[in-house]
1. Using a 1.4 angstrom probe on the protein heavy atoms only, line up 65, 459 by accessible area, largest first.
2. List the aspartates and glutamates whose Cα sits under 18 Å from the Cα of residue 429, skipping any in the same chain fewer than 8 residues away.
3. Stokes-Einstein D for the stretch 307-373 at 25 °C, 0.890 mPa s, Kirkwood Rh over Cα pairs, in µm²/s?
4. GluC sites (Glu not before Pro) within the stretch 293-372: which are DSSP loop residues with at most 15 other Cβ atoms inside 10 Å?
5. If all Cα-Cα distances of the stretch 167-301 are sorted into 10 Å bins from 0 onward, what percent lands in each bin, rounded to whole numbers?
6. Find the all-direction average of the projected area of the Cα convex hull for the stretch 388-448, expressing the result in square nanometres with one decimal place.
7. DSSP loop (so not H, G, I, E, B), at most 16 other Cβ within 10 Å: list which GluC sites (Glu not before Pro) in the stretch 179-278 pass both filters.
8. Using a 1.4 Å probe on the protein chains only, how many percent of the accessible area of the chain belongs to carbon and sulfur?
Amino acid sequence: MPRENSSASGADLTVGACGRSASAWHFTTASPATPACCPRLRHAARDSGMLPAPRIRGRAETFARHPKLNPAALGSACYFDAWNPAPERLCLEVIGDALATSHGCRALNYRAVEGADDGQVILRDVTTGSMHSVSPSIVINATGAWIDRTNHTLGIHSQFIGGTRGSHLVLDHPALLEQLGGSELFYENDDGRICLLLPWCDRVLLGTTDIRTDDPDAAVCEADEFDYLRSAARQVFPSIEIRPEQVVARFCGVRPLPRSNSGSPGTISRDHACHETPASAGRPYPVFSLVGGKWTTFRAFSEQVADRALAVLGKSRRASSTELPIGGGRDFPPTDDARARRIDDIASRTGLPRETCTHLFARYGTTAGRLAAHIAGAGPAAREPVADYLAGELDYLARHEAVVHLDDLVLRRSHLALFGRLDEASLQKTASIVAAALGWSEETQEAEVARTAALLRERHGIHLRPRN
Ligand SMILES: Cc1cc2nc3c(=O)[nH]c(=O)nc-3n(C[C@H](O)[C@H](O)[C@H](O)COP(=O)(O)OP(=O)(O)OC[C@H]3O[C@@H](n4cnc5c(N)ncnc54)[C@H](O)[C@@H]3O)c2cc1C
């Protein structure tokens, strides 16, 4: 029962981290190499020889790759790793797979756990205000930084979470992108915090801060974080200026870390844990609270929790996710040639240009065939561009991916907002596509545009260019 969170969009896109280095001017670079997204896949990829071995690059080689690096740098260490450019889409694909394969499974977007009464859990539809109740056998509380708040509504006064917020800036900065040479750069800032510069498609992601916070709803990238991140990047590339207008978006999320008395947020454990609160007299169901966790470990964590939950319910496991491909990774062609043939096939079946099919395949994997068929079957208007998307593509996402608000589509189903692609005209156009798909009235459409523009401005520092 996820309550889609419109304030904390996005997550750190890196997987793996580097250890502290002896000098602030040793760097660790990571090259995106494979769509794999969990340690098990990463290890399998390494063991099978799919990934090159890590290596140290001397000063000359390092500067050949990154000529404008701080001259104090001594060298760099390089390793290859998994990279997930669209974590929100991974989340949707996991939900989509569960709905498609598990009889009786339901996913309710914008439903918040509001309380408990007489053995039932009360859910509020956040968009309409209507209330529902369910009688669970078990509750798995996966509400991240909100876990304790959710537990309180169930009558459990836990203190599991000590969240830290992390902010990122998205830069439209071709010169900096070029200097990264296709690698992510990890480096240690003056204060010991590990920061990162990551090529994110044609943008650069600059992150991240690690600041304790008690209120996940209030977390935004503050002005001092904006300055901190820019000055951290300046230490790496002193001659490259990052001007405010090159920051096309900012976002902030709260890590659901375990409560800790540690003085430095960087030393708080990043491991995950499942806290089990047994059933009690007024609450006939146990509650599992999932503390910590990352994209890199979500599958392993889910398997562990599922096993515990099945044991409590007295049921046995019927399927394993160990080897299960996710969403558009299903039947994914293993070689460049096989991918090219699959794209040719989509183009010839739908009549869409090959270039369009290549884009769709890069974004959606093997689900691209369905999107292409949807676009091809919807008439010429569906092929019109909206920024770097197609109208028919946005229509598909609106109809098939649990979009409720316009910001769901521009922030979490697509990269439209965070890559700084939107202006007033393209936001209006996107809104009209969603309105047609979801049957919005003119009034609702206007309200959605106003809501999204305000959210983009206040939460993400995105000021939409006016229409010409
Ligand atoms: C700054 C930052 C950097 C990160 N870096 C990495 C990284 O490099 N690699 C990596 O693998 N992972 C990284 N992560 C972790 C990853 O993005 C996830 O945040 C983490 O896995 C936690 O996910 P979650 O689903 O438990 O919580 P969340 O993603 O926070 O989801 C919790 C959901 O619960 C909803 N909710 C809250 N209250 C209620 C309620 N009462 N009823 C119903 N729903 C409710 C919220 O709206 C939200 O949608 C990072 C996270 C942050 C914030």
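The values are calculated or read from the model by the stated rules, or taken from the named source; none is laboratory data. Note that the structure is a prediction, hence the values are computed from the model and not measured. Please note: Cβ atoms are built from the backbone with ideal geometry, for glycine as well, and neighbour counts cover all protein chains shown. These accessible areas exclude ligands, DNA and RNA; they are computed on the full protein's heavy atoms, side chains included. Shrake-Rupley method; radii C 1.70, N 1.55, O 1.52, S 1.80 Å.
1. Numbers: 65 80, 459 55 Å².
These residues rank, largest area first, as 65, 459.
2. Filter leaves 384, 388, 393, 395, 407, 408, 442, 443, 446, 448.
3. Estimated via Stokes-Einstein, D reaches 178 µm²/s.
4. Here the GluC sites (Glu not before Pro) that fit, given the DSSP loop and packing criteria, are 323.
5. 10, 34, 30, 16, 6, 3, 0
6. 3.6
7. Listed in order of number, the matching sites are 222, 241.
8. Heavy-atom surface of the chain belonging to carbon and sulfur, 1.4 Å probe: 53 percent.
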